[in-house]
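Enquirer: Handing you a structure now.
The numbers here are math on the coordinates, done by the rules we state, and not lab data. Keep in mind that this is a model prediction, so the values were computed, not measured. Every residue, glycine among them, receives a Cβ derived from its backbone with ideal geometry; neighbour counts consider all protein chains shown.
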Amino acid sequence: MLSICFISKALMSRNKKFFIKTYGCQMNSYDSDRIAEILLLAGHIKTSLPEDADIVVINTCNVREKAQEKLFSDLGRIALIKAKAAEKGRSVIILVVGCVAQALGKEIFARADCVDIVLGPQAYQNIQKSIEEVISQKQCPEVKMQKNFIVDTTMSAEDKFKLLPRNRTLVKLPSAFISIQEGCDKFCTYCSVPYTRGREYSRPTSEIISEANQLVSSGAREIFLLGQNVSAYNGKYSSSAVCSFTELLFLISSIKGVERIRYTTSHPCDITTELMKAHKEISSLMPFIHLPAQSGSDIILKKMNRGYSRSQYIKIINEFRKILPNIAFSSDFIVGFPGETETDFEATCALVDEVSYAQAYSFKYSPRPQTPSSKWDQIDEQTKIRRLAVLQEIINKHQLHYNQSMEGKELLVLIEKEGRYENQVIGKTEYMQSVHLSAPKNFIGKVFPVKISRGFQNSLSGKLVG
Ligand code: SAM
Ligand code: SF4
């Protein structure tokens with residue numbers, strides 16, 4: 001009986017339809033692609049409809065409470081889908097993966113008993129094995145399993161990358177993400193990342209280069225390097241040498257076919273003069289940097305444990321601009337951090353005015369479990385809402401001004417995808433702005449000069465030159 005069960009388990013655990021929903025940052029998007037690659041390799045089929053799926057994966061974000069709460073409202077809807085499928089004799093396996101999975105572990109089963117599997121961000125390489133285990137439990141109730149659900153919150157990024165499929169089969173083209181680093185050692189006092197993604201780990205250089213080569217041969221033209229703190233990259237280059245982030249950029253730029261290189265996120269404390277100079281020396285390295293400031297107040301920066309002062313941050317911006325005058329910046333800001341006074345908040349607004357970002361993200365402070373600042377006196381919600389609205393207005397003013405300053409200029413645009421209208425395509429400028437223009441579909445994946453006709457709040461419009 002036992003062997004029949006295991007044979008049927010192997011057969012039954014393939015050819016299932018799977019659906020993945022992703023919350024959060026580009027790293028989660030990369031992780032979801034890798035999860036899909038594992039499931040495709042195991043013989044499953046991707047679907048965009050959760051109602052059709054036999055396997056539903058929710059890849060979660062724990063950075064702010066709102067994202068965590070969205071998980072539980074999704075699970076409510078998916079539980080209904082699971083119950084309807086069960087009425088028709090079809091079983092659905094539900095997996096929660098990513099940072100909320102890591103943070104809450106088996107607590108998730110208590111809040112949503114429809115969930116079968118919980119996998120942390122360093123354990124998703126075990127997804128097919130976990131699915132097989134659940135299927136064998138469902139198929140063979142006589143096989144006495146010790147547990148009726150699976151939790152894997154192992155914290156080894158090294159093991160994860162070793163066990164992921166070598167070949168990237170699901171690549172978003174022409175701009176392809178590569179995760180070069182996991183986790184973070186900075187321990188900003190508001191941030192859950194060091195607790196959910198673990199300690200900083202840089203992937204070996206050869207792995208990244210071979211992934212980049214493979215992506216380019218699949219049609220990628222832009223390589224987008226990802227990590228919580230890419231500028232601190234120090235991967236193993238050989239048995240005795242490590243490779244710095246700047247050296248990695250040079251290596252990637254030498255791959256034939258790489259037309260653009262981008263990266264995110266870099267921490268101000270790890271920006272080196274070499275990296276600044278690389279932006280001038282490597283023509284494929286885009287003149288755009290996401291450099292989160294978080295606050296413009298020295299008192300708050302200190303409480304946040306950011307490791308730099310306002311003037312040190314400004315100095316980095318100015319040095320970059322001296323080396324490459326056209327470089328564009330974006331940033332992240334948190335308003336309503338515990339203890340933030342009106343004066344502190346005004347210093348943040350003044351920083352945005354001083355730097356004049358091409359774009360920026362801003363968030364209301366969200367107390368996260370385990371983080372030191374979640375235990376401090378909190379700012380009231382109304383103040384946070386008001387400050388966020390004020391800051392966003394300032395950010396928007398600069399973004400619109402920046403976009404309008406492009407009117408009449410000829411910019412190089414990588415055409416990335418089809419637009420909503422006939423003959424419309426959407427591309428990106430070197431400065432990360434979306435551009436809408438008319439061009440044939442077969443222009444997707446190529447770089448063209450485009451004359452910008454209008455700058456809007458969030459995008460540009462233009463015409464192909466010539
Ligand atoms: N490693 C990056 C850095 O140092 O800037 C940021 C990574 S974090 C996942 C992305 C952004 O989320 C942060 O830059 C910060 O602005 C925001 N964030 C993180 N924790 C937050 C919290 N507790 N409340 C509100 N925003 C938060
Ligand atoms: Fe979080 Fe700070 Fe690390 Fe960024 S640097 S991931 S904000 S702890």
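Enquirer: Quick check on my filter: what residues within segment 349-368 are within 16 Å of ligand 2 (Cβ to nearest atom) and either assigned to a helix (DSSP H, G or I) or more than 21 Å from residue 319 (Cα to Cα) (or both)?
Expert: Scanning segment 349-368 gives 361, 362, 363, 364, 365, 366, 367, 368.
Enquirer: Continuing with the same structure: Starting from residues that are under 19 Å from residue 334 (Cα atoms) and more than 22 Å from the chain's Cα centre (by Cα), keep the ones in segment 282-303 and report whichever is surrounded by the fewest Cβ atoms within 10 Å (Cβ to Cβ).
Expert: The extreme case among them is 302.
Enquirer: Related question: Report yes if some residue within segment 317-337 is among the basic types (Lys, Arg), away from ligand 2 (no atom under 16 Å from the Cβ) and either free of Cβ contacts under 8 Å to residues at least 12 places away in the same chain or more than 20 Å from residue 232 (Cα to Cα) (or both); otherwise report no.
Expert: Checked against the condition, which is being among the basic types (Lys, Arg), away from ligand 2 (no atom under 16 Å from the Cβ) and either free of Cβ contacts under 8 Å to residues at least 12 places away in the same chain or more than 20 Å from residue 232 (Cα to Cα) (or both), segment 317-337 yields at least one hit.
Enquirer: Give all pairs with beta carbons closer than 9 Å in which a residue from segment 357-368 that is surrounded by fewer than 18 Cβ atoms within 10 Å (Cβ to Cβ) meets a residue that is in a strand (DSSP E or B); count only pairs at least 6 apart in sequence or on separate chains.
Expert: 361/290; 361/330; 361/331; 361/332; 361/333
Enquirer: If you check residue 200 against the conditions, is it under 30 Å from residue 336 (Cα atoms), within 16 Å of ligand 2 (Cβ to nearest atom) and out of contact with any Phe, Trp or Tyr (no Cβ under 6 Å at 6 or more places or on another chain)?
Expert: Yes: the conditions hold for residue 200.
Enquirer: Across segment 440-464, which residue is farthest from the chain's Cα centre (by Cα) among those that are among the hydrophobic types (A, V, I, L, M, F, W, C) and over 14 Å from residue 174 (Cβ atoms)?
Expert: 464
Enquirer: Out of everything in segment 175-217 that is within 17 Å of residue 31 (Cβ to Cβ), in contact with a Leu (Cβ under 9 Å, 6 or more places away or on another chain) and part of a helix (DSSP H, G or I), what residue ends up being nearest to ligand 1 (Cβ to nearest atom)?
Expert: For segment 175-217, the residue satisfying everything is 208.
Enquirer: Still on this structure: Would you pick out the residues in segment 70-104 that are within 14 Å of ligand 1 (Cβ to nearest atom) and either acidic (Asp, Glu) or on the phi > 0 side of the Ramachandran plot (or both)?
Expert: Of everything in segment 70-104, just one residue is within 14 Å of ligand 1 (Cβ to nearest atom) and either acidic (Asp, Glu) or on the phi > 0 side of the Ramachandran plot (or both), namely 98.
Enquirer: In segment 370-392, how many residues are in contact with a strand residue (DSSP E or B) (Cβ under 9 Å, 6 or more places away or on another chain) and assigned to a loop (DSSP other than H, G, I, E, B)?
Expert: Of the residues in segment 370-392, 1 are in contact with a strand residue (DSSP E or B) (Cβ under 9 Å, 6 or more places away or on another chain) and assigned to a loop (DSSP other than H, G, I, E, B).
Enquirer: Would you mind listing the helices (runs of 4 or more DSSP H) fully within segment 226-311 where at least 1 residues are within 16 Å of ligand 2 (Cβ to nearest atom) and under 26 Å from residue 349 (Cα atoms)?
Expert: Per the criteria, 298-304.
Enquirer: Might you let me know whether segment 46-58 holds any residue that is in a loop (DSSP other than H, G, I, E, B), exposed (fewer than 13 other Cβ atoms within 10 Å of the Cβ) and hydrophobic (A, V, I, L, M, F, W, C)?
Expert: Yes, because at least one residue in segment 46-58 is in a loop (DSSP other than H, G, I, E, B), exposed (fewer than 13 other Cβ atoms within 10 Å of the Cβ) and hydrophobic (A, V, I, L, M, F, W, C).
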